[in-house]
């Protein structure tokens, strides 16, 4: 079923997928993991973040989190 898409503004695409319209499957081609503390990846025009003591667990016991083998 066709989609009607209004005005779109894209500032930046870094290795991602931008798709408009119908699709059956979109699968990732690469993966990554980021460890960030509380409030570290906020974005916006005006942000107020109040955090107490923040600790980030960086111990990762999983060998594979998001397999990408076989995605065409």
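Out of 39, 6, 21, report the one residue that is in a loop (DSSP other than H, G, I, E, B), modelled with pLDDT under 80, surrounded by 10 or more Cβ atoms within 10 Å (Cβ to Cβ) and over 13 Å from the mean Cα position of the chain (by Cα).
Details: 6 fails: surrounded by 10 or more Cβ atoms within 10 Å (Cβ to Cβ); 21 fails: surrounded by 10 or more Cβ atoms within 10 Å (Cβ to Cβ).
Result of the check over 39, 6, 21: 39.
For a quick check of your reading of the model, give me the residue pairs whose first member lies in segment 51-68 and is farther than 10 Å from residue 37 by Cα, whose second is loosely packed, with under 10 Cβ neighbours inside 10 Å, with beta-carbon atoms closer than 8 Å and at least 6 apart or on different chains.
Close Cβ pairs (under 8 Å, with a partner that is loosely packed, with under 10 Cβ neighbours inside 10 Å) amount to 60/33; 65/33; 68/27; 68/30.
The values are calculated or read from the model by the stated rules, or taken from the named source; none is laboratory data. Since the model is a prediction, treat every value here as computed from it, not as a measurement. Cβ sites come from the backbone with ideal geometry, for glycine too, and all protein chains shown count toward neighbours.
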